[in-house]
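As structure tokens, the structure follows; a few thoughts come after it.
The values are calculated or read from the model by the stated rules, or taken from the named source; none is laboratory data. Just so you know, these numbers come straight off a predicted model, no measurement behind them. Cβ placement follows ideal geometry from the backbone for every residue including glycine, while neighbour counts extend to all protein chains displayed. Each accessible area value is taken on the protein alone, full model and side chains, heavy atoms only, with ligands, DNA and RNA left out. Shrake-Rupley method; radii C 1.70, N 1.55, O 1.52, S 1.80 Å.
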Amino acid sequence: MTTTAETMAVRNVQPIAPFAPVAPDSDFDGANQRMVAATVASSAVWTDHNVADPGTTVLEAAAFTLADMHFRVAGAGFASWPAAWPGWLDAADRHWSGVLPEPGDGELTALADALRAVLTTPGRDAEREVAACADRADAESLLSKAPFASVVSDETRAAVVTALRWFTVRRAALEHTDIVADAVAAADEATLDPGERDARAAAEVGASLGLWPEECRALVRRERRRQLRELASHPLTITDPESLEWPDGRTKVWPPHPVQMLTCEPVTDDDYASRARSHPAVGRAWTVRGRLPGIAWNGLPTLTDDEASALPAADPRRFIVEDTTAEAITIVVETAEASPTDGDLRAILAHAVGTEAFNPFNPWRDASGANDPRRLVCDEVGIAPLRVKFVRVNATLLIPPTANRAQVTAAATAAIDTFLASGQSVGTEEPAEQAPLLAGPWPPSPQPTRGWVPGEAIRLSEVVATIVAIPEVLAVKDLAIGREDEENDPDDPLDDTVVWVSGANATLSIPVGHVPRRSIYDCFTTEFLIDGGCDA
């Protein structure tokens, strides 16, 4: 298939233009000048700033890397970051073409040694001979014979073939992009089945370029990813993302829009909570702003102001101080154990955001694992157990003369306990569990529908409705609810600091990360309502 003016118009090919960075981004020259100026100002021992100096070379490499990152991020935008970083894929699928062995186990060194020996074999041009092979089987057969057999082992033969074909495949990708794009576009018009669609495109590419089948599939995969990045640069113009997929989860648009990919990695606060809820020890989980008492992002316990002040000035733990206003995220978890240990919390945090909770300063690289890290860049994510804030309920219950005082008081106590545990007052309809509209590679973990939401205030009107739902209770008066804030002496309830509220429309605030539970120091009194009136 050839490129025509019509096909170019359909793809809306944009001319190549120089990158114009917008502050605080910069190009190579700007980044290099700032780095040199900062290094010269901070280092009196470095005096040779000429181009040939190794220090200058290192700075230029760093400046190029920074400028390249600025260029890539500026062109991608937040919505497309899952498309730009396919870290959730298996290692073998992250690059569109062949993947070399990972460093660290000797395989990469063995490959380099074998490749050098093959390329320096006297009288032979291994790269040209492999390029002329009809398929991978022929190429591996070639390297299994003399004179290559003595330098290429069975373990490295497949990787050597991939490396020798590297230039051929990438040259085709760069020089024949139009052929691949046209083949993919024609396949998209012919069928809606993803597997059949890509197979058709690969066959068309193979007929035009004469590459191996696996290489044609790789070029189609490369074009799909290019389309995805291009689509990501355009804002979503629909208001109902669920319309992008059929009820069984199949996408209606191809390539899929990034909003469908955003369910693959944590993006919103609730994504972290959903990951935590998938841990077997967690029942409910929420995310709240701030750094609550618990485990910080690096796996270390959070500190109070006094504990942090006692540490040396250079100790990094000074910066993980408990602060409900900090620009951080805390996953609040309700676990099977009433008092989870630091180790339990650390394991749940690692399950939610990756193993950096155990090894926080491990240098990340693309091959570090399909699901690690899971934390969005710049998010500080810690974890804290769900804590209890005890509240006291004082009220006078108006009951008929035939009622049993002790039974009514016990029923009122049980009703308050049920209300605080469920978070639902009398007459509240049971909410239906909603399945997520879009599902990613991890199983969805929706929040259970019952239970008090941490930090949600207590409305006294709901407490009254809960109590008067008891058949023997005709009315409630003198209702007051108090929050136990400080406990100087656990054995002396009079030593607590209690914050009281009263009034029909009053609310009692609950601290972040806490749920209310009834204190044993509540007080219910009863009065017989003799006339049965409603205004007693």
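Tell me, please, whether a residue that is under 21 Å from A412 (Cβ atoms) and either modelled with pLDDT of 90 or more or open to solvent by 60 Å² or more (accessible area, probe 1.4 Å) (or both) can be found in region 488-497. Steps first, answer last, please.
Here is the first cut: in region 488-497, the ones under 21 Å from A412 (Cβ atoms) are 493.
Cutting the leftovers down to either modelled with pLDDT of 90 or more or open to solvent by 60 Å² or more (accessible area, probe 1.4 Å) (or both) gives us none.
No: region 488-497 contains no residue that is under 21 Å from A412 (Cβ atoms) and either modelled with pLDDT of 90 or more or open to solvent by 60 Å² or more (accessible area, probe 1.4 Å) (or both).
Here is a list: R171, R221. Which entry is open to solvent by 50 Å² or more (accessible area, probe 1.4 Å), free of Cβ contacts under 8 Å to residues at least 12 places away in the same chain and assigned to a helix (DSSP H, G or I)? Spell out how you get there, then give the answer.
Working: R221 fails: free of Cβ contacts under 8 Å to residues at least 12 places away in the same chain.
Being open to solvent by 50 Å² or more (accessible area, probe 1.4 Å), free of Cβ contacts under 8 Å to residues at least 12 places away in the same chain and assigned to a helix (DSSP H, G or I) holds for just one of R171, R221, which is R171.
Residues V408, V391, V463: which one is at pLDDT 90 or above and more than 39 Å from the chain's Cα centre (by Cα)? Working first, answer last.
Numbers: V391 fails: more than 39 Å from the chain's Cα centre (by Cα); V463 fails: more than 39 Å from the chain's Cα centre (by Cα).
Only one candidate passes the filter, namely V408.
Suppose the filter is open to solvent by less than 30 Å² (accessible area, probe 1.4 Å) and closer than 20 Å to Q447 by Cβ; does I320 pass it?
Values: open to solvent by less than 30 Å² (accessible area, probe 1.4 Å): yes; closer than 20 Å to Q447 by Cβ: no.
No.
Just the residues that are within 21 Å of K389 (Cβ to Cβ) and either open to solvent by less than 60 Å² (accessible area, probe 1.4 Å) or modelled with pLDDT of 90 or more (or both), please, taken from region 330-343.
Residues satisfying the conditions are T330, I331, V332, V333, E334, T335, P340.
Output the residues belonging to region 130-168 that are under 18 Å from A218 (Cβ atoms) and in a loop (DSSP other than H, G, I, E, B).
Within region 130-168, C133, A134, D135, R165 qualify.
Any idea how many residues of region 181-196 are open to solvent by 10 Å² or more (accessible area, probe 1.4 Å) and either assigned to a helix (DSSP H, G or I) or touching a Lys or Arg at 6+ places or on another chain (Cβ under 6 Å) (or both)? Can you show your working first?
From region 181-196, those open to solvent by 10 Å² or more (accessible area, probe 1.4 Å) are 185-186, 188-196; that's our starting set.
This time we only want the ones that are either assigned to a helix (DSSP H, G or I) or touching a Lys or Arg at 6+ places or on another chain (Cβ under 6 Å) (or both), so: 185-186, 188-191, 194-196.
Number of matching residues: 9.
Across region 280-304, what is the number of residues that are aromatic (F, W, Y) and either open to solvent by less than 50 Å² (accessible area, probe 1.4 Å) or in a helix (DSSP H, G or I) (or both)?
Here is the first cut: in region 280-304, the residues aromatic (F, W, Y) are 286, 297.
Filter once more, keeping what is either open to solvent by less than 50 Å² (accessible area, probe 1.4 Å) or in a helix (DSSP H, G or I) (or both): 286.
Going through region 280-304 one residue at a time, the tally reaches 1.
If you go through region 51-60 one residue at a time, do you hit one that is modelled with pLDDT of 80 or more, of a type in the set (D, E, K, R) and either open to solvent by 90 Å² or more (accessible area, probe 1.4 Å) or assigned to a helix (DSSP H, G or I) (or both)?
Looking through region 51-60, at least one residue is modelled with pLDDT of 80 or more, of a type in the set (D, E, K, R) and either open to solvent by 90 Å² or more (accessible area, probe 1.4 Å) or assigned to a helix (DSSP H, G or I) (or both).
Looking only at region 498-536, which residues are of a type in the set (V, I, T) and modelled with pLDDT of 85 or more?
Matches in region 498-536: V498, V499, V501, T507, I510, V512, V515, I520, T525, T526.
Looking at region 114-124, can you tell me whether even one residue there is over 20 Å from A207 (Cβ atoms), among the hydroxyl-bearing types (S, T, Y) and surrounded by 13 or more Cβ atoms within 10 Å (Cβ to Cβ)? Spell out the reasoning first.
Here is the first cut: in region 114-124, the ones over 20 Å from A207 (Cβ atoms) are 114-124.
Filter again for among the hydroxyl-bearing types (S, T, Y), leaving 120-121.
When the remaining residues are screened for being surrounded by 13 or more Cβ atoms within 10 Å (Cβ to Cβ), the result is 121.
Yes, some residue in region 114-124 is over 20 Å from A207 (Cβ atoms), among the hydroxyl-bearing types (S, T, Y) and surrounded by 13 or more Cβ atoms within 10 Å (Cβ to Cβ).
Considering every residue within region 472-482, establish whether at least one is in contact with a helix residue (DSSP H, G or I) (Cβ under 9 Å, 6 or more places away or on another chain) and closer than 20 Å to V512 by Cβ.
At the first step, the residues of region 472-482 found to be in contact with a helix residue (DSSP H, G or I) (Cβ under 9 Å, 6 or more places away or on another chain) are 472-476, 479-481.
Cutting the leftovers down to closer than 20 Å to V512 by Cβ gives us 481.
Yes: region 472-482 contains one or more residues that are in contact with a helix residue (DSSP H, G or I) (Cβ under 9 Å, 6 or more places away or on another chain) and closer than 20 Å to V512 by Cβ.
Name the single residue that is surrounded by the most Cβ atoms within 10 Å (Cβ to Cβ) among those in region 206-218 being out of contact with any Asp or Glu (no Cβ under 8 Å at 6 or more places or on another chain) and not acidic (D, E). Reasoning before the result, please.
Step one: of region 206-218, the residues out of contact with any Asp or Glu (no Cβ under 8 Å at 6 or more places or on another chain) are 206-211, 214-216, 218.
Next, only the ones that are not acidic (D, E) stay: 206-211, 216, 218.
Working: G206: 17, A207: 12, S208: 17, L209: 20, G210: 11, L211: 20, C216: 26, A218: 21.
If we take residues in region 206-218 being out of contact with any Asp or Glu (no Cβ under 8 Å at 6 or more places or on another chain) and not acidic (D, E), then C216 is surrounded by the most Cβ atoms within 10 Å (Cβ to Cβ).
If you go through region 192-202 one residue at a time, do you hit one that is small (G, A, S) and over 13 Å from R221 (Cβ atoms)?
Residues of region 192-202 small (G, A, S): 195, 199, 201-202.
Now drop any that are not over 13 Å from R221 (Cβ atoms), which leaves none.
The answer is no, given that none of the residues of region 192-202 is small (G, A, S) and over 13 Å from R221 (Cβ atoms).
Go through E429, E456 for me and flag whichever is within 24 Å of D270 (Cβ to Cβ), modelled with pLDDT of 90 or more and not in a helix (DSSP H, G or I). It would help to see each step written out before you state the result.
On the way: E429 fails: modelled with pLDDT of 90 or more.
From the options E429, E456, the qualifying one is E456.
Considering only residues that are out of contact with any helix residue (DSSP H, G or I) (no Cβ under 7 Å at 6 or more places or on another chain) and in a loop (DSSP other than H, G, I, E, B), look in region 310-323 and name the one that is modelled with the lowest pLDDT.
A314
Residue under question is E307, and the condition is that it be under 22 Å from the mean Cα position of the chain (by Cα), of a type outside the set (F, W, Y) and assigned to a helix (DSSP H, G or I); does it hold?
Working: under 22 Å from the mean Cα position of the chain (by Cα): no; of a type outside the set (F, W, Y): yes; assigned to a helix (DSSP H, G or I): yes.
No.
Here's the yes/no breakdown for (1) modelled with pLDDT under 75; (2) within 30 Å of L228 (Cα to Cα):
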residue: P15; (1), (2): yes, yes
residue: V22; (1), (2): no, yes
residue: G30; (1), (2): no, no
residue: A37; (1), (2): no, no
residue: S43; (1), (2): no, no
residue: H49; (1), (2): no, no
